[in-house]
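In what follows, a structure is listed as structure tokens, so that the remarks can point back to it.
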């Protein structure tokens with residue numbers, strides 16, 4: 001696992017590049033917008049978390065991003081991924097499934113956020 005503030009310390013740009021390797025849908029975000037984001041809330045998934053994220057994407061039919069639970073980001077709003085991308089519209093069953101997956105990772109303090117598929121950008 002690679003996150004900001006842990007044993008692995010990367011520059012912002014390196015962490016964003018690493019996120020694209022582990023979370024393929026991020027490559028769809030235009031470079032000029034993507035490399036302006038603040039990745040300090042991102043959780044770079046590997047192992048079990050990567051498998052759960054991928055499985056959830058397939059089951060929900062949307063894109064899933066992993067974030068560090070409780071992370072604080074004081075960057076301006078335009079540098080947040082959730083401001084750039086539209087979230088997925090989940091029905092009750094889908095929302096419950098997402099929560100079920102998150103509960104499996106409580107001890108790792110990881111949350112999942114669902115984004116629209118195909119990717120949609122906010123104005």
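Coordinate-derived values only; no laboratory data. All values derive from a computational prediction rather than experimental measurement. A quick note on method: Cβ atoms are made from the backbone with ideal geometry, for glycine too, and the neighbour counts reach across all protein chains shown.
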Discussion item. Taking 0.36 nm per residue of sequence separation and subtracting the Cα-Cα distance, how much length would be gained by fully extending the chain between residue 59 and residue 11, in nm to one decimal?
Written reply: 13.9 nm
Item to complete: Kindly state, to the nearest 0.05, the FRET efficiency for residue 71 paired with residue 91, given R0 = 41 Å and r defined as their beta-carbon distance.
Response: 0.90
Practice prompt. For an R0 of 30 angstrom, estimate the FRET efficiency from the Cβ-Cβ distance between residue 31 and residue 107 and round to the nearest 0.05.
Written response: 0.25
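Kirkwood hydrodynamic radius of the range 12-115 from all distinct Cα pairs, in Å?
It works out to 14.1 Å.
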Item to complete: Within 10 Å of each residue's Cβ, count the other Cβ atoms and sort 10, 115 from fewest upward.
Response: 10, 115
Worksheet item: For residue 80 and residue 119 in one chain, what is 0.36 nm times their gap in residues minus the Cα-Cα distance, to one decimal in nm?
Response: 12.5 nm
Worksheet item: From the square roots a ≥ b ≥ c of the eigenvalues of the alpha-carbon gyration tensor of the range 51-95, which class results: rounded (a/c under 1.5), prolate (a/b over b/c), or oblate?
Response: prolate
Worksheet item: Can you give me the relative contact order of the chain as a percent, contacts being Cα pairs under 8 Å and 6 or more apart?
Response: 27 percent
Worksheet, complete the sentence: Most exposed to least, judged by fewest other Cβ atoms within 10 Å, 68, 59, 122, 20 sort to 122, 59, 20, 68
Worksheet item: So how do 112, 35, 42, 25 line up by other beta-carbon neighbours within 10 Å, fewest first?
Response: 35, 25, 112, 42
Worksheet entry | Helix-only mean residue ellipticity at 222 nm for the chain, each DSSP H run of n ≥ 4 adding -39500 (n - 2.57), per residue, nearest 500 | -10500 deg cm²/dmol
